[in-house]
Amino acid sequence: MISLLGPIIAACILRTAAAQSISGTATEFAPVNSPLDCGFIVRPSALAVLLSPEAFDPSQCLAVIGVTFNGTEVDMRVAGTCDACEGTDIEISTEGYEVLGAPLGSTIDVTYVIQ
């Protein structure tokens, strides 16, 4: 009989470790109906996030990220990298900024969890 308990426990530990809250700053980006690093088109109505080149891994494409600003949390999807971002900084689509209630064009402090 093959035991799946070990792999199941390992997967739970990895998922818990990956779900840590990250603090950073965010700026707004306006999607332009062109493919980004993940290979799909980000439409203006998308709730999308771009990660810094240091933080981005292609396996994160379309991963859900819960972004929190001033107590409002919105689930968005990873769409690629942000050339101007460093470390834990991110860019959020205009639609994401609006749903979060963030002032358009501003730099905001956020926390986020890659799920």
- Query: So which residues in segment 55-72 are exposed (fewer than 13 other Cβ atoms within 10 Å of the Cβ) and not in a loop (DSSP other than H, G, I, E, B), if there are any at all?
  - Reply: 58, 59, 72
- Sort out which residues of segment 89-115 are of a type outside the set (Asp, Glu) and without any contact (Cβ under 8 Å) to a residue 24 or more places away in the chain, and write them in order of number. 103
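Do we have any residue at all in segment 4-17 that's farther than 15 Å from residue 85 by Cα, touching a strand residue (DSSP E or B) at 6+ places or on another chain (Cβ under 6 Å) and either loosely packed, with under 11 Cβ neighbours inside 10 Å or modelled with pLDDT of 95 or more (or both)? Spell out the reasoning first.
So in segment 4-17, the residues farther than 15 Å from residue 85 by Cα come out as 4-17.
Now narrow it down to the ones that are touching a strand residue (DSSP E or B) at 6+ places or on another chain (Cβ under 6 Å): none.
Within segment 4-17, not a single residue is farther than 15 Å from residue 85 by Cα, touching a strand residue (DSSP E or B) at 6+ places or on another chain (Cβ under 6 Å) and either loosely packed, with under 11 Cβ neighbours inside 10 Å or modelled with pLDDT of 95 or more (or both).
Let's see how each residue does on (1) within 9 Å of the chain's Cα centre (by Cα); (2) not acidic (Asp, Glu):
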{"position": "57", "(1), (2)": "no, no"}
{"position": "62", "(1), (2)": "yes, yes"}
{"position": "66", "(1), (2)": "yes, yes"}
{"position": "87", "(1), (2)": "no, yes"}
- Message: Criterion first (free of Cβ contacts under 8 Å to residues at least 12 places away in the same chain and within 19 Å of residue 20 (Cα to Cα)) does residue 86 satisfy it?
- Response: no
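The values are calculated or read from the model by the stated rules, or taken from the named source; none is laboratory data. Being a predicted model, the structure only gives us computed values, none of them experimental. Methodologically, a virtual Cβ is constructed for each residue, glycine included, from the backbone with ideal geometry; neighbour enumeration extends over all protein chains shown.
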